[in-house]
2 protein chains.
Amino acid sequence: MVEIYNMAGHLVRRLNQISVAVFADRMAAEGVELTPVQFAALSAIDARPGIAQAALAGAIAYDQTTLGGVIDRLEQKGFVARQVSSRDRRARVLTVTLAGRDLLARVRPVVRDLQGDILSGLDEDEKAQLLALLKKTTDAGNDKSRAPLTPRGGI
Amino acid sequence: MVEIYNMAGHLVRRLNQISVAVFADRMAAEGVELTPVQFAALSAIDARPGIAQAALAGAIAYDQTTLGGVIDRLEQKGFVARQVSSRDRRARVLTVTLAGRDLLARVRPVVRDLQGDILSGLDEDEKAQLLALLKKTTDAGNDKSRAPLTPRGGI
DNA sequence: TCGATATACTAAGCATGCTGATTATTAGCA
DNA sequence: TGCTAATAATCAGCATGCTTAGTATATCGA
């Protein structure tokens with residue numbers, strides 16, 4: 001028995017690995033090229049059109065530098081438009097394009113549905129319990145992360 | 001409210017982010033340069049000296065290609081030795097060096113201790129519950145991962 | 001108003017984590 | 001034995017995720 005098997009860090013990493021793989025498989029089955037980060041960004045921009053990159057990073061708990069690259073790719077695929085803000089010329093203001101909205105409408109139900117597959121082997125009560133515990137501990141540990149959630153940052 | 005906030009995928013990714021950050025902070029405090037993957041590999045090689053890379057990948061649930069790079073870096077830092085296997089010239093047989101054993105002895109208690117910090121905001125019962133649920137669902141979803149755990153694969 | 005400070009973004013560099021292809025070697029089978 | 005398939009590792013290439021540093025722009029206080 002390897003000593004890491006019962007460690008929180010190892011189990012969380014593995015579940016994240018499973019989560020990413022389930023997401024990739026479902027997107028491939030839909031014939032869509034979209035990563036979990038890209039979906040999160042697209043969905044959050046759609047919820048707050050005109051949000052700047054820094055605020056978006058805080059809204060979805062992603063590193064700002066990493067997010068820059070993610071937006072590059074979403075822009076290149078034509079799902080997101082990026083403009084210099086008129087109020088703050090440092091900032092880049094983001095909006096979802098028509099193609100992006102179409103994509104979102106299509107994958108949103110798929111993404112919602114796939115969440116259940118991530119937590120396989122658990123009954124509904126256990127899934128709810130796990131989600132509640134994950135929510136509680138991620139809230140408590142938010143500031144330990146290099147990319148904490150700051151839902152009300154900016155616009 | 002952004003729609004991803006209560007999704008399993010998002011919460012798991014965030015907890016993993018917290019886990020990685022806690023690990024990095026503790027290692028930095030120890031003055032040690034060691035990533036979670038590197039610790040996992042070192043620990044597993046120490047548990048099964050002479051293990052080959054492919055078997056190691058299965059033992060700690062890491063992608064084989066990624067693991068190759070991890071071993072490169074551990075070898076370069078002098079913590080792991082890599083030799084062509086005498087029984088199978090395709091395979092690279094791994095052992096922990098003396099320096100690697102010293103490092104392991106030093107960081108092992110730190111790594112064990114930091115596990116509690118990953119799951120902050122939970123009492124002992126909740127931590128045990130969360131660990132049990134994580135274990136149950138990662139076991140059930142093992143095959144969905146691109147790098148499933150195969151603890152008994154090869155020596 | 002000016003100067004220090006803070007903020008938004010980008011760039012470079014490194015480590016993970018994956019896919020697909022390639023090479024070397026081994027194993028299985030007719 | 002000899003052909004085929006499988007396996008171990010590596011390489012190239014791409015996306016995340018982070019650190020440090022740099023540039024442009026805002027903000028705040030003396």
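The values are calculated or read from the model by the stated rules, or taken from the named source; none is laboratory data. If you're wondering where the values come from, they're calculated on a predicted model, not measured in any experiment. A quick note on method: Cβ atoms are made from the backbone with ideal geometry, for glycine too, and the neighbour counts reach across all protein chains shown. Please note that ligands, DNA and RNA were not included when accessible areas were found on the heavy atoms of the full protein model with its side chains. Shrake-Rupley method; radii C 1.70, N 1.55, O 1.52, S 1.80 Å.
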Coarse-grained scattering of the protein assembly as shown at q = 0.15 Å⁻¹, given as base-10 log I(q)/I(0) from a Debye sum over alpha-carbon atoms: -1.22
Signed unit charges on C-beta, dipole axis of the range A:3-138, positive-most listed residue A:N16, A:L122, A:V84: A:V84
Shape metrics for chain A, restricted to C-alpha atoms - Rg then Dmax, Å: 17.2, 59
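Restricting to DSSP H runs of at least four residues, report the calculated mean residue ellipticity at 222 nm for chain A, -39500 (n - 2.57) per run over all residues, nearest 500 deg cm²/dmol.
Details: 6 runs with 95 residues, N = 155.
Value at 222 nm, helices only: -20500 deg cm²/dmol.
Quick one: accessible area per residue over chain A, 1.4 Å probe, rounded to a whole number of Å²? Working shown, then result.
On the way: 7330 Å² over 155 residues.
Spelled out: the 1.4 Å probe surface of chain A, per residue, equals 47 Å².
To the nearest whole number, what is the average tally of beta carbon atoms from other chains within 10 Å of the beta carbons of peptide B:59-67? Don't skip to the end; give the middle numbers.
Working: counts 3, 6, 8, 3, 1, 0, 0, 0, 0.
The mean count of partner-chain Cβ atoms within 10 Å per residue comes to 2.
Using a probe radius of 1.4 Å on protein heavy atoms only, what is the accessible area buried between chains B and A, both sides summed, to the nearest 100 Å²? Spell out each step's value before the answer.
Values: alone 10240 and 10190 Å², together 14700 Å².
Chains B and A together bury approximately 5700 Å².
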Net charge of neighbours whose Cβ lies under 10 Å from the Cβ of A:T137, counting Lys and Arg as +1 and Asp and Glu as -1: +2
Given charges at beta-carbon only (K, R positive; D, E negative), |dipole| of the range A:22-155 in Debye: 820
Per the axis that maps chain B onto chain A, nearest residue of B (Cβ criterion) and its distance in Å: B:N16, 2
10 Å binning of all Cα-Cα separations within the range B:67-117, expressed as whole percents from 0 upward: 24, 39, 29, 8, 1
Check: the protein assembly as shown dipole with +1 on Lys, Arg Cβ and -1 on Asp, Glu Cβ, in debye: 860
Peptide B:111-119, shielding by other chains (average Cβ, 10 Å cutoff): 4
For the range A:3-138, with +1 on Lys and Arg beta carbons and -1 on Asp and Glu, the positive-most of A:V107, A:L34, A:A47 along the dipole: A:A47
Exercise: per-residue mean of other protein chain Cβ atoms within 10 Å, B:120-133: 5
Nearest-first distances (nm) between copies at A:D72, label 7 Å from Cα via Cβ: 2.1
